[in-house]
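Before any comments, here is the structure.
Only the coordinates and a few stated rules stand behind these numbers; no lab work does. Bear in mind the structure is a predicted one, so any value in this text is a computation, not a measurement. Neighbour counts run over all protein chains shown; Cβ positions are idealised from the backbone, glycine included.
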């Protein structure tokens, strides 16, 4: 069933198909990324945009002694909410990388590595469109990153504008220095 805001409601006849649709992707149709989410009775398409996506995450060259269900779920939970382990990862059939389906918060930067037993473990993401490895967010690449280009976000610009307006109304006096690293 088609809904508002380019959303669709899809029903399944069995749990196996449902789980495959939810965790089997990343899904693309005609080069457009398809965001798949669990339905809830309170879902209203106009309330807020989708803020998360389930994607396959890899931990390349993960040491074999970390290939335990509980450890892998904990690793996935460091970057999102672990949904399930890949069959080959769970059954210790392949050792090039551990592969997990993880629900990622698209409003937060993606981790490109995590600290594991004192060493850095690389994290890679399968089939996510336009990942910026400068700021770690989805939706643009490094060439268009406002962090890399030094551009201000609308919130920063608004805050700077408000600060300038206040400073013209009051005599300028430096604010008290508080917190670590303030001058």
Legend entry - Distance between modelled label sites at residue 3 and residue 37, nm, 7 Å Cα→Cβ extension: 0.8
Inset, instruction - Give me the Kirkwood hydrodynamic radius of region 13-124, using the inverse of the mean 1/r over all pairs of distinct Cα atoms, in Å to one decimal. - result: 15.3
Legend entry - Label point distance in nm, residue 29-residue 12, each placed 7 Å from Cα along Cα→Cβ: 1.6
Legend entry - Kirkwood Rh, Cα atoms: Rg over Rh of region 32-98: 1.09
Legend entry - Length released on extending from residue 88 to residue 126, taking residue separation times 0.36 nm less the Cα-Cα span: 12.1 nm
